[in-house]
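**Q** Structure below; questions to follow.
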Amino acid sequence: MRAAGNSFEQRACTELERAGLQLLARNYTTRHGELDLIMREGDTVVFVEVRYRKSASHGDAASSVTAVKQGKLILAAQHWLAAHPQHARSACRFDVVSYDGPPDAIRQAWLRSAFDAA
């Protein structure tokens, strides 16, 4: 499954770069969890969670970013910002890029500001 995850992370990264975002880091790991992609859009640091679900039997990919997962992502983002003080005063947001469906009919969605750190 990790290979599929890497594939979708690369796909998301390429699509976001085409949309004008710049990659700062990928797969940043802390004890709180992992940030899939850290990107910049203008003066905003964008923490991107990439999700894939082949089947919607347990909900779609975007809905798999639960409140617990959001909390872990927020803590990981705080850790990254502390480790990169040049970005500490930047505006930040959390996006989710989701992929749903079987390999021959994947639907992609980019949810900007999918949740807040508040």
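Just so you know, all these numbers are worked out from the coordinates, no wet-lab data involved. All figures in this text were calculated on a predicted structure; none of them were measured in a lab. With ideal geometry, Cβ positions are generated from the backbone for all residues, glycine too; neighbour counts draw on all protein chains shown.
**Q** For the Cα atoms of the chain, what angle does the longest principal axis make with the long axis of helix 2-18, in degrees from 0 to 90, nearest 10?
**A** Here the helix axis deviates by roughly 60 degrees.
**Q** First select every other residue whose beta carbon is under 15 angstrom from the beta carbon of VAL46; then total the charges, Lys and Arg +1, Asp and Glu -1. List each step's numbers first, then the result.
**A** Values: positive: ARG18, ARG26, ARG40, ARG93, ARG112; negative: GLU9, GLU15, GLU17, ASP36, GLU41, ASP43, GLU49, ASP95, ASP116.
That sum, taken over residues with Cβ under 15 Å, equals -4.
**Q** A follow-up question, please. If packing is taken as the average count of other Cβ atoms within 10 Å, what order do 80-87, 91-98 fall into, highest mean first?
**A** Ranking, from highest mean packing down: 91-98, 80-87.
**Q** Assuming 0.36 nm per residue, please report the length gained on full extension of the stretch THR14 to ILE106 beyond their Cα-Cα distance.
**A** 31.5 nm
**Q** Here is a further query. Nearest 5 is fine: what % of DSSP beta bridges in segment 2-115 come out antiparallel, could you say?
**A** Antiparallel bridges make up about 60 percent of those DSSP assigns within segment 2-115.
**Q** Another one. Where does each of ILE74, ILE38, ILE106 land when they are ranked from fewest to most other beta-carbon atoms within 10 angstrom?
**A** ILE106, ILE74, ILE38
**Q** Between segment 61-109 and segment 34-50, what's the alpha-carbon centroid distance in Å?
**A** For segment 61-109 versus segment 34-50, the Cα centre distance is 7 Å.
**Q** Moving on to the next point. Taking H placed 1.01 Å from N in the peptide plane, check which residues at least 5 places from ALA61 or on another chain put their amide H under 5 Å from its amide H.
**A** Here ARG53 satisfy the definition.
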